[in-house]
Amino acid sequence: MRAIGPGLTNFERQSQILAFGTSVRQDVHGLGPCPLLRSMPEPMLTIASLLREPGLTQACGQWLQGGRYQLVSLDPGENPVEALDRRRDDFDAVLLEQGVFAPEVFRALGDKGLLLPAVVIGEVTGRQEYHDAEVHLPTDQLVQLSYSLDAAVSRFLRRGLAHGGIQAGGPGFEATDRWKLANRLNGRLGYLGVYYKRDPSRFLRNLGERDRSDLLDSLKLTYKDLLISYFLDPAAANQALESFVNTAFFSDLPITYTVEIHMNLIDEYDKQIKLEGHKNTFLQDYRLALLDVMAHLCEMYRRSVPPDAPLGLAAAKGGLPNPSASFAMDQS
């Protein structure tokens, strides 16, 4: 589902008004808040870091501390294709930095069958870097990194890229050399392990007060990115929408919180626009963004129940939504 603009000629100007608060962002390189501490059962998944900025690498390492993901930094001076090819059996996913590598690098990775679940960190522009299952996350929203990695793995497996997918290797890539990443991920997690049975220790309701506040603040930034680009840049809006929905799903965010985030932002914009003397009637059109988010969440929850799972069994295990709190299925 894509962000849909109403086709009004003044929407570009009006959407620009919403950008008034985007310059105030938290400094991830200051390594401000403590990472979300959480306990996850083994096995750990190993993430190859192809990040080039040391501060960003350090920040990502802190936000992944104590979870199921172990971050391994590769030498920035080494050819990334050769580095990943040499250690292809060591890594389960990769962290990338937006705009650092030329398209030729990603083509070379595809030619060698080096496709990995990926989180691309940087400005949400709507541009695809590596493959169509990659997940995008802005640098000021790293609190969501572990949730984005969960989403990257599940998207990657669901779209079949680990088996070659639509980007299977090029002319020099033999089927007998195909990387057994899918088997390894399924062996360590199981498809249901990352998508159906989420980690309850990282559900919003189970986080400490500070961690819960940090996550909600980060989700508000993501939603703000969605609203700002919704009518201006559908591709960027789609990436922001997916980022929000991924974290909402894997953190079991109550649907009431999603509505609250939307309403609070719209109220902020309404006050600012009135102070600046602009008309605010166009703000009601941003209800489309909220409906879009709800539709995506419904689809994720629908997919999260295996097709062969009996409905009664799903209900017995807490697999049906709790309408008073959340769409989410409590797998604890």
field: Viscosity 1.002 mPa s, 20 °C: Kirkwood-radius Stokes-Einstein D of segment 77-140 over Cα pairs, µm²/s
entry: 176 µm²/s
task: Just add up the charged neighbours of residue 155: K/R +1, D/E -1, any other residue whose Cβ is under 15 Å from the Cβ of residue 155.
output: -3
query: Can you list the aspartates and glutamates whose alpha carbon is less than 19 Å from that of residue 271, not counting same-chain residues fewer than 8 positions off?
result: 225, 260, 285
- prompt: Rounded to two decimals, what ratio of Rg to Rh does segment 220-311 give with C-alpha atoms and a Kirkwood Rh?
  reply: 1.06
For 298, 60, order by how many other beta-carbon atoms lie within 10 Å, fewest first: 298, 60
- prompt: Of 290, 142, 45, how do they rank once you tally other Cβ atoms within 10 Å and put the fewest first?
  reply: 290, 45, 142
- request: List the residues whose amide H sits under 5 Å from the amide H of residue 278, counting only those 5 or more places along or on another chain, with H placed 1.01 Å from N in the peptide plane.
  value: none
statement: Once phi for every residue in segment 272-277 is put through the Karplus expression 6.51 cos²θ - 1.76 cosθ + 1.60 (θ = phi - 60°), the whole-Hz ³J(HN,Hα) values, with Gly and Pro written as x, are 5, 5, 5, 4, 8, x
task: Any chance you could list P(r) for segment 41-110, counting all Cα-Cα pairs in 10 angstrom bins from zero, rounded to whole %?
output: 18, 53, 26, 3
- prompt: Considering amide H positions built from the backbone, and no H for Pro or chain starts, which residues 5 or more places from residue 97, or on another chain, come under 5 Å of its amide H?
  reply: 121
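Every number here is computed from the coordinates shown, using simple stated rules; none is lab data. All values reported here derive from a predicted model rather than from experimental measurement. Virtual Cβ from ideal backbone geometry, glycine too; neighbours counted across all protein chains shown.
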